[in-house]
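The values are calculated or read from the model by the stated rules, or taken from the named source; none is laboratory data. Because the structure is predicted, anything quoted here is derived from the model rather than measured. Neighbour counts are summed over all protein chains in view; Cβ atoms, including those assigned to glycine, are modelled from backbone coordinates with ideal geometry.
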Amino acid sequence: MDFDCKSVEREMRTGNLDFHRPIDPEVKRSTGIHKAEIAFTLSLEILLFCCLDTPAPHPRTNFLEASLSLRTRALLLFILIFSTAGIVRAQQEQGWFRTGTGIGEEKPRISVPDFVARSEEAKSHATLFTTVVRDDLSFSGIVDLVSPSYYPTEALSQPGELRNLTWTDAPLNSNFVAFGYFTETSAEVVISAWMYDVRNPSTQAVVGKVYRGNPTDVQVRKFAHQFADEIVNKLSGGASSIASTQIAFISARAGNKELWIMDYDGSNQHALTSLGSISLTPRWSPDASRIAFTCFAPANGVISAQICMYSMDTNKLVSFARYKSTNTSPTWSPDGSQVMFSSSMQGNPELYVTDPSGNRPKRLTFSSNGANTSPAWNPKTGQSVAFVSDRGGVPQLYLMNADGTDPRKLDLPDMGYVIDPAWSPNGQLLAFSWRRPSGNYDLYIMEVASRSIREITRDSGRNERPSWAPDGRHIVFESTRGGSRQIWVMLADGSEARQLTTKGHNESPNWSTK
């Protein structure tokens, strides 16, 4: 019989390949191989040799000799099959993850030469502005920042000085160049900033801005964040940018756990409250005008966990109704008209929803055999809520409609302890902390529709309380990877982790929506 690999599939489908020949009884006893096994493994062997483009054994090969090697050859085929399946699964995972986060797409190359100081007073602020813009763009996840070591030595301060070929030729190979100049007096700083597409013959700037303000480090950093946001917005097709956002968190550096905020890159850290007790779980409102958080305050003469509300407009606490027992873990509806939280006001910790002042609480969950907490409202649809419940014995991830109906468990491929669900801005992905039976608290991302899961931290300290940036490409979280509990930020695939806090103990970060 001639084994023609091009016709093997056709022959096997029609049954013309017959391997069911008699087996010597001694062979059967000594090897344990039966006719059906040989038919199957020889069929696999032929496929393997076809795949590898090598000759198959002649059908008249001594059958004892052939049968002893069939299993080894079949094993090779199985390895090939499962390796291919693994590649397919990895490609599928990369597909949903790339779609959900935008990470992994091709990045344009951008150069940011030093901004030029037109006066001695402007030098330090020009350097600060350049550094912040580069850092923002480098961490944006959508551009490839060209190393400044490749930049030409000639200053570039205004469009008339731009020579495209200088920036498009190797080794720079830039697609865009951002540049500008500073003037400064004791009363005002003026920044002229542009970004050009150096591969497009048009002389029109992609971005052109003039910033005027107080000549302070804080103001210059703010302008730099705004310019970086303009660039990211243009290059991402209008997607959200994060350089001007803030992160709320809890810090005990002054002795008590108070509510703090900082810029997204860790600068400008400062306390908002001085309650002298314990604060937990801050959550920004959708318009970033308020922060709901857990505080310990008196209710009916008893100090207990309550929901507190801080106004960024008035820079002080505003009224939120108080209830007996324990009230924790607030979250906002996407339109800001409702607040959901966990409360034991009626005995068992259940989820309730109120208006933004805490009035007219409505109970949503009814599971007398377990606690329900950590609600996370889908920011895109507003129709579903993820939460944590131990109604099954240990804390697990659940999903329900926003009105409390149809609660169902989000099954995971392993046992363990799940906490801290957080939705991505597009409402497709859930980040959460999961302590598996044999491991550490680590962060995972689930595509809810397919239940596909990706681990984004592994055994680098205890990693908890993830919160998504509004661009969907970054996550802030708390971690003990450096020894003490601190706030870290990273790209949503787990890469480029950066520590934001260093003083005292810091936890429970939450990223502002704008």
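Points to keep in mind about this one:
- Filter result (among the hydroxyl-bearing types (S, T, Y) and outside any helix (DSSP H, G or I)) within the range 130-144: S140
- Only one entry in W434, W423 is crowded, with 23+ Cβ neighbours inside 10 Å, aromatic (F, W, Y) and more than 14 Å from the chain's Cα centre (by Cα), namely W434.
- Selected residue (criterion: modelled with the lowest pLDDT) from residues of the range 292-338 that are part of a strand (DSSP E or B) and of a type in the set (G, A, S): A299
- Residues that are among the β-branched types (V, I, T) and not in a strand (DSSP E or B) were ranked within the range 169-203; the one that is surrounded by the fewest Cβ atoms within 10 Å (Cβ to Cβ) is T203.
- Condition broken by G238, with the remaining ones in (1) under 17 Å from S157 (Cα atoms); (2) modelled with pLDDT under 95 satisfied: (1)
- Among the candidates I110, I81, I103, the residue that is under 30 Å from M490 (Cβ atoms), at pLDDT below 95 and of a type in the set (A, V, I, L, M) is uniquely I103.
- Scope the range 251-277; condition outside any loop (DSSP other than H, G, I, E, B), crowded, with 16+ Cβ neighbours inside 10 Å and not charged (D, E, K, R); matching residues: S251, L259, W260, I261, M262
- Pick from the range 485-512, criterion without any contact (Cβ under 8 Å) to a residue 60 or more places away in the chain and in a loop (DSSP other than H, G, I, E, B), ranking: farthest from S140 (Cα to Cα): R485
- Looking only at the range 455-469, residues that are under 25 Å from I142 (Cβ atoms) and buried (at least 20 other Cβ atoms within 10 Å of the Cβ) come to 7 in all.
- For the range 145-168, residues that are outside any loop (DSSP other than H, G, I, E, B), under 20 Å from K107 (Cα atoms) and touching a strand residue (DSSP E or B) at 6+ places or on another chain (Cβ under 7 Å) total 2.
- Near pairs, Cβ below 9 angstrom, 6+ apart or cross-chain, from the range 311-335 (in the same structural domain as A402 (by TED's automatic domain parsing) and of a type in the set (D, E)) to any residue that is at pLDDT 95 or above and in a loop (DSSP other than H, G, I, E, B): D313/S289; D335/P286; D335/G382
- Filter result for L165 (free of Cβ contacts under 8 Å to residues at least 40 places away in the same chain, more than 20 Å from F227 (Cα to Cα), hydrophobic (A, V, I, L, M, F, W, C) and in the same structural domain as D144 (by TED's automatic domain parsing)): yes
- So A271, is it closer than 30 Å to R134 by Cβ and free of Cβ contacts under 8 Å to residues at least 24 places away in the same chain: yes
- Yes/no for G276 being at positive phi, at pLDDT 95 or above and either of a type in the set (F, W, Y) or not assigned by TED's automatic domain parsing to the domain that holds I142 (or both): no
- Of the criteria (1) farther than 23 Å from P334 by Cβ; (2) small (G, A, S); (3) assigned to a strand (DSSP E or B), which one A248 fails: (1)
- Looking only at residues of the range 204-221 that are among the basic types (K, R) and touching a residue at least 24 places away in the same chain (Cβ under 8 Å), we find that the one that is surrounded by the fewest Cβ atoms within 10 Å (Cβ to Cβ) is R212.
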